[in-house]
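The values are calculated or read from the model by the stated rules, or taken from the named source; none is laboratory data. Source: prediction; values computed, not measured. Every residue, glycine as well, gets a Cβ built from its backbone with ideal geometry; the counts of neighbours run over all protein chains shown.
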Amino acid sequence: MTLSFRPELNSVEQVVSSLSTQNRPTVTDEEMMQAVRTLLLGLGEDPDREGLKDTPKRVMKALQFLTKGYHESLDELLNGAVFTEDANEMVLVRDIDIFSSCEHHILPILGRAHVAYIPNGKVIGLSKIARICEMYARRLQVQERLTLQIADALQGLLKPQGVAVVVEASHMCMVMRGVQKPGSWTVTSAMRGVFAEDAKTREEFMNLIRHKANFH
Ligand SMILES: Nc1nc2c(ncn2[C@@H]2O[C@H](COP(=O)(O)OP(=O)(O)OP(=O)(O)O)[C@@H](O)[C@H]2O)c(=O)[nH]1
Ligand SMILES: [Zn+2]
């Protein structure tokens, strides 16, 4: 029998939103571990040898951790940390580590995100910006969607004057296999509001993410 994931869900957004805590897929841990065991057999390995005995469980746990963002929500991670503040200058959190997984190969996407916004009466707890990146990164992703989701989340939560997100990342599916280009990295951006409309504001952001911090 082929287990399929809810065929009525036909867009990525529908699938992802269906994976909320109330709506977990009905595949058991046992079935997931069996699938990893089958993979090991297919690779010509002996899943019963000592070193591999617990590997199906470890792989399942690792994958569950790497995709835990499906079961998190903006509401929970925010914990109310949006404050009324009369600030209207750019806020930038730079160099946020990204550990994501590509949806094509389930291999790591490693990089960092730079996230800025210009408030419009509301500010967000700084750590929450990194938590938003983390929630979307801990899913099966393409870098473009990850970038847009971070920008749209901030836009929706704060209705700021603008949001800018740049993600720079290296894809292990392009490094360790396939085209095998270890030095390559991909830059994606999403600009909203004044960052999209005003070249000077966008330029200020780009300059701020380029210079090296001198306390490192
Ligand atoms: N746009 C985009 N593409 C991605 C991302 N991660 C992986 N890919 C690409 O997805 C594509 C999948 O192409 P396929 O030809 O179906 O898969 P493949 O045979 O494994 O491709 P190769 O990697 O070229 O060997 C590849 O070009 C990957 O580089 C991402 O975040 N964004
Ligand atoms: Zn890939």
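Working only within segment 81-129, note down all residues that are without any contact (Cβ under 8 Å) to a residue 40 or more places away in the chain and assigned to a strand (DSSP E or B).
Selection gives Thr84, Val91, Val93, Ile96, Asp97, Phe99.
Can you pull out the residues in segment 162-189 that are more than 15 Å from Leu110 (Cα to Cα) and under 13 Å from the mean Cα position of the chain (by Cα)?
Residue satisfying the conditions is Val165 alone.
Each row is one residue, and each column tells you yes or no for (1) loosely packed, with under 15 Cβ neighbours inside 10 Å; (2) not hydroxyl-bearing (Ser, Thr, Tyr).
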{"position": "Val165", "(1), (2)": "no, yes"}
{"position": "Glu168", "(1), (2)": "no, yes"}
{"position": "Met172", "(1), (2)": "no, yes"}
{"position": "Met176", "(1), (2)": "yes, yes"}
{"position": "Lys181", "(1), (2)": "yes, yes"}
{"position": "Met191", "(1), (2)": "no, yes"}
{"position": "Thr201", "(1), (2)": "no, no"}
{"position": "Glu204", "(1), (2)": "no, yes"}
{"position": "Asn207", "(1), (2)": "yes, yes"}
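If you go through segment 165-179 one residue at a time, how many are among the charged types (D, E, K, R) and within 11 Å of ligand 2 (Cβ to nearest atom)? Steps first, answer last, please.
In the first step, residues of segment 165-179 are kept if they are among the charged types (D, E, K, R); the result is 168, 177.
Next, only the ones that are within 11 Å of ligand 2 (Cβ to nearest atom) stay: 177.
The number of residues fulfilling the criteria is 1.
Considering only segment 33-80, state which residues are of a type in the set (Val, Ile, Thr) and assigned to a helix (DSSP H, G or I).
Listed by number, the residues that qualify are Val36, Thr38, Thr55, Val59.
Please determine whether any residue of segment 123-142 is in the same structural domain as Phe205 (by TED's automatic domain parsing), within 16 Å of ligand 2 (Cβ to nearest atom), of a type outside the set (Gly, Ala, Ser) and out of contact with any Asp or Glu (no Cβ under 8 Å at 6 or more places or on another chain).
Yes, segment 123-142 has at least one match.
Residues of segment 174-201 being in contact (Cβ under 8 Å) with a residue 60 or more places away in the chain and in a helix (DSSP H, G or I), which ones?
Val194, Phe195, Thr201
Given (1) in contact with a Cys (Cβ under 9 Å, 6 or more places away or on another chain); (2) away from ligand 2 (no atom under 16 Å from the Cβ), where does Ala87 come up short, assuming only one miss?
(1)
What are the residues in segment 97-119 that are touching a helix residue (DSSP H, G or I) at 6+ places or on another chain (Cβ under 7 Å) and of a type in the set (Gly, Ala, Ser), if any?
Hits for segment 97-119 are Ser100, Ser101, Ala113, Ala116.
Do we find a residue being modelled with pLDDT under 95 and on the phi > 0 side of the Ramachandran plot anywhere in segment 21-30?
No.
Exactly one of (1) under 30 Å from Lys122 (Cα atoms); (2) out of contact with any Asp or Glu (no Cβ under 8 Å at 6 or more places or on another chain) is unmet by Val175. Its number?
(1)
Each row is one residue, and each column tells you yes or no for (1) touching a strand residue (DSSP E or B) at 6+ places or on another chain (Cβ under 7 Å); (2) of a type in the set (Asp, Glu); (3) within 16 Å of ligand 1 (Cβ to nearest atom).
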{"site": "Gly121", "(1), (2), (3)": "yes, no, no"}
{"site": "Glu144", "(1), (2), (3)": "yes, yes, yes"}
{"site": "Leu158", "(1), (2), (3)": "yes, no, no"}
{"site": "His171", "(1), (2), (3)": "yes, no, yes"}
{"site": "Met174", "(1), (2), (3)": "no, no, yes"}
{"site": "Ser189", "(1), (2), (3)": "yes, no, yes"}
{"site": "Phe195", "(1), (2), (3)": "yes, no, no"}
{"site": "Met206", "(1), (2), (3)": "no, no, no"}
